[in-house]
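Worksheet for the structure shown next.
The values are calculated or read from the model by the stated rules, or taken from the named source; none is laboratory data. On a predicted model such as this, the values are computed, not experimentally measured, just so you know. In this analysis, Cβ positions are derived from the backbone assuming ideal geometry, glycine residues included, and neighbour counts consider all displayed protein chains.
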Amino acid sequence: MKRLLILAFSLWLSGLVSAQQKTVTGIWQFHSINNVGLLEGQTGSAFQLQSINGMQYRSWFAGIGLGLDFYRYRTIPLFIDFRKEFGGSVNKFFAYADGGINFCWLTDNEKTMYLPDEQFSAGFYTDLGLGYKIGLGRNNHLLLSIGYSLKKLKETYQSYYYNPPDELQDKEKINYSLNRLSIKIGWEF
């Protein structure tokens, strides 16, 4: 997991370094998208951050994203982002689809004190939605989007029901499937 986080951070950092170079006018363009958002679901509201770096070819974009997701349990989503823009003006609509994996990074408050054997496993992450892109100069855009997001996690812990000494204790499993509404504002350059 550490290697994957180091790889994701390296990709994100290389995107920032590349963003400092002058953009070559042509069909392929590098873009960095940085979002701040609100997640709203059955268990309440939470905050999210995302940084997506990738390449755009005409109206299509593909990139790799890394984020922080504080809904129910703090996680780090690592995902692939695909976008399609509609319209020929500076301001345009877009649709996006993200898919990847959530890595657990629990806070001290989220760790259960009375279950010392509790473990969380990484799970599936997706976010699908629509947005509007507003031009703010030559290469800067304000992004407003709304979508549906799904976060899956698995919790495993040792069952503490009475078992005779010769029997193995059972492992209990809880599969979380957290559905939420995602509202984001972002900056693309």
Could you tell me whether the stretch 163-181 includes any residue that is at pLDDT below 75, of a type in the set (D, E, K, R) and assigned to a strand (DSSP E or B)? yes
Test of understanding: among SER121, SER149, which residue is touching a Lys or Arg at 6+ places or on another chain (Cβ under 6 Å), modelled with pLDDT under 90 and not basic (Lys, Arg)? SER121
Within the stretch 136-150, which residues are assigned to a strand (DSSP E or B) and hydrophobic (A, V, I, L, M, F, W, C)? LEU142, LEU143, LEU144, ILE146, LEU150
Within the stretch 130-150, which residues are in contact (Cβ under 8 Å) with a residue 60 or more places away in the chain and farther than 16 Å from ASP81 by Cβ? ASN139
Tell me, yes or no, whether the stretch 16-34 has at least one residue that is closer than 27 Å to THR156 by Cα, in contact with a strand residue (DSSP E or B) (Cβ under 9 Å, 6 or more places away or on another chain) and at pLDDT 85 or above. no
